[in-house]
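Down below is the structure, laid out as structure tokens.
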Amino acid sequence: SQKSSNLLTTFRFFDFSKATAKRAFRVIQDTHNVRSVSFHPSGDFLLAGTDHPIAHLYDVNTFQCYLSANVPEISVNGAINQVRYSSTGGMYVTASKDGAIRLWDGVSANCVRSIVGAHGTAEATSANFTKDQRFVLSCGKDSTVKLWEVSSGRLVKQYLGATHTQLRFQAVFNDTEEFVLSIDEPSNEIVIWDALTAEKVAKWSSNHIGAPRWIEHSPAEAAFITCGTDRSVRFWKEIL
């Protein structure tokens, strides 16, 4: 199944195995505007990042919603911009408007680490685990991309040279995690860094009219997509 969300309060599920599936076969109503969603690897649970500072955990079979009972003090500006499960579902991470990155236990839903001010006073706009769950890659409106060690909360690397202060951009790894990709807002370019050295290795024109709003890399091959306010989606693939 696929899910969709926007600045409304509903999740809609579509069966992509059916070529003619144009209508949602299941709808979940939330109490807050939905900003981000992430499926548990099992497919049985769905996390929702909303205007509420705590991720909403849904059982997709019963529609039951659960909230963490062990929550750190979060500011009123703690709306969640992005929520993502780790590859095993053992943890999940939230990136919030208050600039914090928070790590949560995927079973108990307890907050196990808060990186307050991860992007200063600017919004943290995205956060993603590495495949081995040892690190989290975050992006913020302070125009930085940062790599954090999960076990300690220590800043490991910074990837500089891409400006993003207005839109909620994100940073992603390529399929082999050798490179980091993000967006430069003023130049409308895709910026690529060497993940190990943090050296900027390429800048490509996105060919969108206006800066892309989103970038997502395939976990299995050298390909990614971008989408923008020009209402286009562009597919990029390495040709050998």
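Coordinate-derived values only; no laboratory data. Everything numeric here is computed off the predicted structure, so don't read it as measured data. As a convention, Cβ positions derive from the backbone with ideal geometry for all residues, glycine included, and neighbour counts pool all protein chains shown.
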Can you work out ³J(HN,Hα) from phi for every residue in segment 119-130, in order, using Karplus 6.51 cos²θ - 1.76 cosθ + 1.60 and θ = phi - 60°, giving whole Hz and x for Gly and Pro?
10, x, 8, 7, 5, 8, 9, 7, 7, 9, 6, 6
Which of K97/K200; K22/K141; K18/K131; K22/K237; K22/K203; K131/K200 have a Cα-Cα distance over 25 Å?
K97/K200; K22/K141; K18/K131; K22/K237; K22/K203
List the equivalent ellipsoid semi-axes of segment 80-160 in whole Å, largest first, each obtained as the square root of 5λ for an eigenvalue λ of the Cα gyration tensor.
19, 13, 10
Given segment 68-237, what whole percent of its Cα pairs are spread farther than 29 Å?
16 percent
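Taking neighbour Cβ counts within 10 Å as the exposure measure, how do V112, V145 sort from fewest upward?
Ordered by Cβ neighbours within 10 Å, fewest first: V112, V145.
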So, R0 is 30 Å and r is the distance between the beta-carbons of S42 and K237; what FRET efficiency does that work out to, to 0.05?
0.50
Using Cβ contacts closer than 10 Å as the measure, can you line up T144, T94 from fewest to most?
T144, T94
In Å, descending, principal axis extents of the Cα set of segment 162-240
30, 23, 19
Order of Y58, Y66 under a 10 Å beta carbon neighbour criterion, fewest first
Y66, Y58
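Report the full-extension gain for the segment K22 to L67: residue separation times 0.36 nm, less the Cα-Cα distance, to one decimal in nm.
Answer, rounded to one decimal: 13.1 nm.
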Each residue of segment 143-158 in turn: what ³J(HN,Hα) in whole Hz from Karplus with 6.51, -1.76, 1.60 and θ = phi - 60°, glycine and Pro shown as x?
6, 10, 10, 10, 10, 10, 7, 5, 5, 10, x, 7, 6, 9, 8, 10
